[in-house]
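I have placed the structure first, in the form of structure tokens, so that the comments after it can refer back to it.
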Amino acid sequence: LQEELVAALDECGAAGLGYGPVEGLPTLKATIAGRLAQRRVIASPEQVLVVSGATQGIALIAQSLIEPGDEVAVESPTYIGALQTFAAAGARLIGVPVDGKGVRVDLLESVLSRRRIRLLFLQPTHHNPTGTTVPPERREQLLAPSWRYGVPIVEDDAYGELWHEPPDPFPLKASDRHELVIHLSTFSKTVAPGLRVGYVAGPAALVRRLALAKQFSDLNTSALSQLALARFLAAGEYERHLHLVRAIYALRWATMLAALSGLANIDVSPHSKGGFYLWCRLDGALNARQIVAAAARRGVTLIAGEAFFPPGSGAPGDSHRWIRLSFSSASPEAIVEGIARLAVVLRRQPISIPASQIEGTQPLV
Ligand SMILES: Cc1ncc(COP(=O)(O)O)c(C=O)c1O
């Protein structure tokens with residue numbers, strides 16, 4: 001990536017440091033469209049908008065399609081950033097419970113038939129926080145109510161290419177026959193979040209509308225980041241990199257699963273086959289917030305699951321018992337050590353770790 005950044009500057013000079021087209025660099029858009037086609041998503045470069053991270057994609061979609069007070073249906077639980085962004089746009093969030101195969105289609109059907117849902121936000125593949133991937137047979141069922149009631153789906157595919165075990169699922173958009181799926185993804189999880197490059201693929205009219213909103217948001221996504229990424233992709237480095245990181249994450253995922261398997265008072269949701277997270281339920285006697293605070297004192301960072309449930313709707317009675325563990329940035333050794341420390345917290349026994357080992361170090365998990 002460093003080489004591609006330098007080469008991009010050598011090749012493009014001032015153009016790499018200037019403003020770029022609001023929709024994104026044509027070379028990158030064409031490359032993204034080509035990659036999507038390999039994953040059975042048919043989108044022309046005009047149907048692709050480069051955005052400054054999926055976060056901006058969600059914000060532009062919210063700004064363009066949502067009026068304050070509109071209802072947006074989301075999986076319960078779902079990605080915190082989406083909850084915050086839709087709430088900031090004035091949306092009322094309606095949570096639809098999930099099971100081990102993703103969002104419950106019967107409940108989705110009932111929500112769409114009874115309410116005036118304006119937009120549906122879903123992560124069908126390697127969901128954050130649960131790790132769940134909607135199996136092929138449920139994908140068609142999931143699309144049917146959206147088609148029937150004409151409700152667009154935002155498919156956030158941030159982790160779609162990061163599977164630990166094949167088969168690699170195609171995006172939901174690959175099965176969309178009515179142009180109701182707006183596909184959203186990012187290079188943050190596969191390459192680097194600091195690049196701030198993501199993309200939206202959807203109907204050309206919508207992409208033009210989002211581009212207008214983007215113009216007032218940030219003019220364009222960093223041309224230098226886009227140039228470097230376009231070169232990274234064209235040189236085949238992206239494929240090689242994906243291959244490498246998939247193996248690294250698969251090892252971390254398996255290490256964390258194995259480390260957790262010996263613990264009595266925590267249940268790991270068994271549905272994760274990709275992404276960065278394990279979604280776990282604590283023993284009835286344990287409260288996630290207290291565990292999070294106690295773990296932080298031992299240098300272990302995790303997130304209390306409550307934050308992932310839309311406020312006031314769809315949160316199950318046991319939402320205070322869930323935690324999300326991330327294995328993306330810790331080495332296998334750090335994961336083993338981190339889970340060992342968590343085990344001590346869960347057993348509520350004091351732990352004696354020299355302060356020198358904790359202070360100034362990165363949190364372990
Ligand atoms: C599901 C999901 N969508 C979007 C994002 C944000 O990605 P970006 O860095 O591209 O804004 C994240 C980051 O955690 C995420 O988990």
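Below are the figures for this structure:
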| item | result |
| --- | --- |
| Any pair with Cβ under 9 angstrom, 6 or more apart, that starts in the range 12-34 at a residue that is farther than 13 Å from TYR199 by Cβ and ends at one that is exposed (fewer than 15 other Cβ atoms within 10 Å of the Cβ) and of a type in the set (A, V, I, L, M, F, W, C) | TYR19/LEU219; GLY20/LEU219; VAL22/LEU212; VAL22/LEU219 |
| Helices (runs of 4 or more DSSP H) contained entirely in the range 201-291, each with at least 1 residues that are of a type in the set (Val, Ile, Thr), without any contact (Cβ under 8 Å) to a residue 24 or more places away in the chain and open to solvent by 50 Å² or more (accessible area, probe 1.4 Å) | 237-261 |
| Condition met for VAL98 (buried (at least 19 other Cβ atoms within 10 Å of the Cβ), outside any helix (DSSP H, G or I) and without any contact (Cβ under 8 Å) to a residue 60 or more places away in the chain) | yes |
| Subset of the range 169-204 that is over 21 Å from GLY150 (Cβ atoms) and polar (S, T, N, Q) - its residue that is farthest from the ligand (Cβ to nearest atom) | THR190 |
| Filtered residues of the range 111-129 (kept if in contact with a helix residue (DSSP H, G or I) (Cβ under 9 Å, 6 or more places away or on another chain) and assigned to a helix (DSSP H, G or I)) | VAL111, LEU112, SER113 |
| Candidate set: the range 2-29, residues that are out of contact with any Leu (no Cβ under 9 Å at 6 or more places or on another chain) and not in a helix (DSSP H, G or I); chosen: the one nearest to PHE187 (Cα to Cα) | PRO21 |
| Residue match in the range 178-185 (condition: within 15 Å of GLY275 (Cα to Cα) and surrounded by 16 or more Cβ atoms within 10 Å (Cβ to Cβ)) | yes |
| Matching residues in the range 146-159 - criterion: being near the ligand (Cβ under 10 Å from one of its atoms) and not in a strand (DSSP E or B) | ASP157, ALA158, TYR159 |
| Odd one out for PRO166 among (1) part of a loop (DSSP other than H, G, I, E, B); (2) within 16 Å of the ligand (Cβ to nearest atom) | (2) |
| Of all residues making up the range 8-54, the number that are within 16 Å of the ligand (Cβ to nearest atom) and among the acidic types (Asp, Glu) | 0 |
| Failed item, numbered, when CYS280 is tested on (1) away from the ligand (no atom under 16 Å from the Cβ); (2) closer than 30 Å to GLU23 by Cα | (2) |
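The values are calculated or read from the model by the stated rules, or taken from the named source; none is laboratory data. What you see is a predicted model; the values in this text were computed from it and never measured. Virtual Cβ from ideal backbone geometry, glycine too; neighbours counted across all protein chains shown. In case anyone asks, the SASA skips ligands and DNA or RNA and just uses the protein heavy atoms, side chains included. Shrake-Rupley method; radii C 1.70, N 1.55, O 1.52, S 1.80 Å.
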